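Notes for the one structure printed next.
The values are calculated or read from the model by the stated rules, or taken from the named source; none is laboratory data. Values in this document were obtained by computation on a predicted structure and should not be read as measured data. Here the Cβ positions follow ideal geometry from the backbone for every residue, glycine too, while neighbour counts run over all protein chains shown.
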Amino acid sequence: MELIALDIVDRVATLTLQSDDKNTITHPFLDQLKSHMDSALHSDARCLLIQSSNPKFFSNGFHPDVFLDQPAEEKSGIMRKLVKLGMEQFLFPLPTVCAVSGYAAGGGAFIAAYCDFRFMSAQKARIGFTEVQLAMTIPSAALELLNHRLGLQNTLKCILPGDMLGSEDCLKLGLIDEICADAESTRSRAADQARKLAALPRESLMSLKKGALSHLDTSHFDARIEDDMKEIERLMATPDCESAFAALKEGRRPRYQ
């Protein structure tokens with residue numbers, strides 16, 4: 001099943017998320033995202049555009065089944081895969097553009113935030129790092145990249161309350177670059193930006209992005225991620241976290257002790 005569609009037209013590689021009714025993240029979803037990113041890089045594309053086929057959801061984060069009743073190594077395994085892929089996306093050699101036309105939560109929020117140019121609908125779209133609402137944590141390696149994007153104080157404002165943020169708040173915090181009127185205009189504006197970038201010299205674009213990210217030292221990330229996974233496994237074994245994911249699957253709010 002094609003969970004993410006890849007289309008390369010006029011040197012724009014467009015990834016359209018279409019996994020399920022909420023574009024949730026699973027192992028196959030991440031595998032396809034990785035494969036399509038690689039394909040785009042080795043094509044004639046000069047820009048990567050990420051959007052959703054669903055006007056209500058960009059990506060609602062992990063599917064509850066990837067954690068419920070799963071062994072600890074399985075839970076940390078998919079988190080490790082997302083964090084490493086997130087780092088590849090953040091450092092992707094080509095410019096990246098995102099159209100947030102619906103909800104982007106948890107892992108979906110990171111996919112949106114890690115893009116270089118981010119456009120968001122004023123109607124119903126939300127971005128939220130909601131892990132605290134599920135009694136979880138966010139790997140420190142992922143937060144380090146978010147700090148580079150937003151700065152420490154804005155990162156703390158995003159992650160500690162775990163709120164789903166509307167477009168105005170996202171703009172103030174630096175999560176997005178521009179607010180669009182609705183889902184259709186968001187996708188249109190993002191596509192316009194992608195085409196503009198795709199008209200520029202590929203080698204120059206790659207050199208400029210490499211130079212802009214040259215200050216970011218990622219040599220410690222592998223060791224950091226392994227420490228993060230130990231913390232993930234510890235928290236996911238707690239009753240609060242297990243009950244939170246059960247509540248998420250049932251469509252109700254979790255209750256904590």
Query raised in the report: Picking from 185, 214, 167, 243, which residue would you name as being surrounded by fewer than 14 Cβ atoms within 10 Å (Cβ to Cβ) and out of contact with any helix residue (DSSP H, G or I) (no Cβ under 8 Å at 6 or more places or on another chain)?
Result: 214
Report task. Among the helices (runs of 4 or more DSSP H) lying completely within region 82-182, list those that include at least 1 residues that are modelled with pLDDT of 95 or more and under 19 Å from residue 16 (Cα atoms). Result -> 107-113
Report summary line: Checked pairs for region 234-249, first of a type outside the set (Gly, Ala, Ser), second buried (at least 22 other Cβ atoms within 10 Å of the Cβ) and in a helix (DSSP H, G or I), C-beta under 7 Å and 6 or more apart or across chains, list as 235/241; 236/75; 241/134; 245/134; 248/134
Query raised in the report: Would you pick out the residues in region 1-42 that are touching a His at 6+ places or on another chain (Cβ under 9 Å) and in a helix (DSSP H, G or I)?
Result: 29
**Report entry** Filtered residue count, region 146-164, keeping only those that are touching a residue at least 24 places away in the same chain (Cβ under 8 Å), surrounded by fewer than 23 Cβ atoms within 10 Å (Cβ to Cβ) and aliphatic (A, V, I, L, M)
**Finding:** 4
Query raised in the report: In this structure, does residue 46 turn out to be of a type outside the set (A, V, I, L, M, F, W, C) and surrounded by fewer than 22 Cβ atoms within 10 Å (Cβ to Cβ)?
Result: no
